[in-house]
Amino acid sequence: MKNNAVKGASSARTSYVAQAGMIGAVYAACTLAALVLLQGLAWGPVQFRISEALVVLAVLTPAAVPGLTIGCIVANLANMVISGTGVLGLLDVVFGSAATLVGALWCRKFADRPGIALLGPVLANALIVPAYLPLLLQGLGFYTIPFTTISLDGAYLPMYLFGLVATGIGEAVVVYALGMPLLSALRKANIFKHLS
């Protein structure tokens, strides 16, 4: 009897790690694909990081919390190399990944209320990312409002406020317009119940 309990616990742990790994890999791949295909709309003052739709997975499985966080760390580390941000890119690795972690934890906490659950990643990214993004972009030598010639260099508060609105809107669009239908489809398919 005890041997069966040990095997069951080991199987559950293996399933959890496998789910987290798959989710992390998909998140990182989607983020890097967006960097290549959308010419940087996954990073910067206006962000539509398509991979953020995957935060809905935290509503379905606790393994999504570490999976999403690790996927974000991997994607942000890869971006450091691709975009050449150097040491400044560590701001995104640490704080951008922390925003994803906080958003995923919120999703998990409110898993029974998806509309509220998805608000967590929106708030976390809107509040955290613009706090360091001006430093990162200024370190790279620019900060203009995208699609304009309006420079915000040296004006931290306007840069933060612009980033708060722009990042919040971008995250809300991705999470609610892409994430909510994804959540609905995954619930109907019962995928995570089969993996447990």
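The values are calculated or read from the model by the stated rules, or taken from the named source; none is laboratory data. As the structure is a prediction and not an experimental result, all values here were calculated from the model. Cβ: placed from backbone, ideal geometry, glycine included. Neighbour counts: every protein chain shown. These area figures cover heavy atoms from the full protein model, side chains too; ligands, DNA and RNA do not enter into them. Shrake-Rupley method; radii C 1.70, N 1.55, O 1.52, S 1.80 Å.
Surface composition of region 15-125: carbon plus sulfur atoms contribute 81% of the solvent-accessible area (1.4 Å probe, protein chains only, all chains present). The protection proxy used here, the mean number of other Cβ atoms lying within 10 Å of each residue, ranks peptides 64-72, 124-132, 15-23 as follows, highest first: 64-72, 124-132, 15-23.
A full extension of the chain between L127 and R113 corresponds to an added length of 2.8 nm, given 0.36 nm per residue minus the alpha carbon distance. Per-residue 3J(HN,Hα) values for region 112-125, derived from phi via the Karplus relation 6.51 cos²θ - 1.76 cosθ + 1.60 with θ = phi - 60°, read 7, 10, x, x, 6, 4, 6, 5, x, x, 5, 5, 4, 6 Hz in sequence order (x marks Gly and Pro).
Peptides 182-189, 27-34, ordered by how many other C-beta atoms sit within 10 Å of their residues on average, highest first, read 27-34, 182-189. Taking the Cβ of A34 as the center, what net charge do the other residues with Cβ under 10 Å away carry, scoring Lys and Arg +1 and Asp and Glu -1? Around A34, the surrounding residues sum to 0.
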